[in-house]
Structure formats: structure tokens, C-alpha cells
Amino acid sequence: MTSPPLYHLALAEDWERDTPDAYATSTLGRSLADEGFIHCSFGEQVQQIADLVYRGRSDVLLLEIDPSRLAAAVKVEPPDGERVSYPHIYGPLNRDAVVKVTPVDVREDGRLDIGSAL
């Protein structure tokens with residue numbers, strides 16, 4: 001990997017359900033077709049997204065993605081009205097770009113333990 005890895009938080013059910021070749025869930029309850037891209041994060045951003053979107057869920061996987069293996073384009077851009085930019089994959093996530101899949105533990109306070117999954 002020459003570029004830093006990208007990370008995507010996925011529900012185990014979504015990861016297992018999508019096709020054998022590609023994954024097309026953007027974020028919790030939203031598909032690639034709904035959003036137009038798949039939400040990702042850089043390593044230092046994952047905990048914030050986990051706290052915001054996935055708090056208290058025990059069915060979350062952390063996907064580590066090698067950007068050099070992606071078939072779809074990646075754009076690093078800010079969400080509407082924000083200054084911090086996040087990587088977005090504009091197309092299905094080809095599974096051979098995912099180099100590691102790690103179940104994420106939940107702490108007693110409901111926060112996901114991203115540090116142990118990275």
C-alpha cells in the first residue's frame with residue numbers, strides 16, 4: 001500500500017449480504033444508490049464516525065481498504081457545510097481491495113473500541 005489505508009465501518013449483515021465481488025452499502029441504513037458514494041474515513045477519523053453513527057452496536061466490522069486496489073474512484077471531500085474532508089468511494093467497493101476485516105468490540109459505555117481494531 002503506497003497511500004494510507006481507508007476505513008469503512010460496516011454492519012456484519014450488510015458485508016455478508018452484498019454480492020461476492022462488490023459491496024454497495026454507503027453507511028448505516030443507506031446504500032451506494034442512495035448516497036452516490038461509499039463513506040470512508042482515514043485512520044484518525046474512524047472513532048469519531050463510530051461514536052456519531054454506530055454507538056452501542058455490537059454487529060460492526062471495520063474494513064481496511066487498500067486504495068491502490070480500488071476499481072472505483074476516490075474523492076477526498078468535506079460533507080456539506082463541514083471543513084474536515086473524508087474519502088468517498090464513487091462506485092461499488094470491490095472486495096479484493098479490502099485487506100482486513102475486523103469485528104469491533106463495544107466498550108461498557110457503548111462506544112466502539114476502534115483502537116483495538118485498527
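Derivation of every value follows stated rules applied to the coordinates shown; laboratory data play no part. None of these values were measured; they are calculated from a predicted model. Neighbour counts run over all protein chains shown; Cβ positions are idealised from the backbone, glycine included.
Of note:
- Sole exception among (1) out of contact with any Leu (no Cβ under 6 Å at 6 or more places or on another chain); (2) within 11 Å of Tyr7 (Cα to Cα) for Cys40, by number: (1)
- Screening the candidates Arg57, Arg83 for the property of being loosely packed, with under 13 Cβ neighbours inside 10 Å, basic (Lys, Arg) and in a loop (DSSP other than H, G, I, E, B) yields one hit, Arg83.
- Conditions (1) free of Cβ contacts under 8 Å to residues at least 40 places away in the same chain; (2) assigned to a strand (DSSP E or B); (3) among the small types (Gly, Ala, Ser); number of the one not met by Ala71: (2)
- Residues within the range 91-105 that are surrounded by fewer than 17 Cβ atoms within 10 Å (Cβ to Cβ) and over 16 Å from Asp21 (Cα atoms), tallied: 3
- When the range 18-38 is filtered for residues that are part of a loop (DSSP other than H, G, I, E, B) and closer than 22 Å to Ser85 by Cβ, the ones remaining, listed by number, are Leu28, Gly36, Phe37.
- Evaluated against (1) outside any strand (DSSP E or B); (2) touching a residue at least 60 places away in the same chain (Cβ under 8 Å); (3) within 17 Å of Leu118 (Cα to Cα), His8 falls short on exactly one condition, (1).
- Residue that is surrounded by the most Cβ atoms within 10 Å (Cβ to Cβ), among those in the range 39-54 that are out of contact with any helix residue (DSSP H, G or I) (no Cβ under 7 Å at 6 or more places or on another chain) and in a helix (DSSP H, G or I): Ile49
- Tally of residues being surrounded by 13 or more Cβ atoms within 10 Å (Cβ to Cβ) and more than 10 Å from Leu9 (Cβ to Cβ) across the range 60-80: 9
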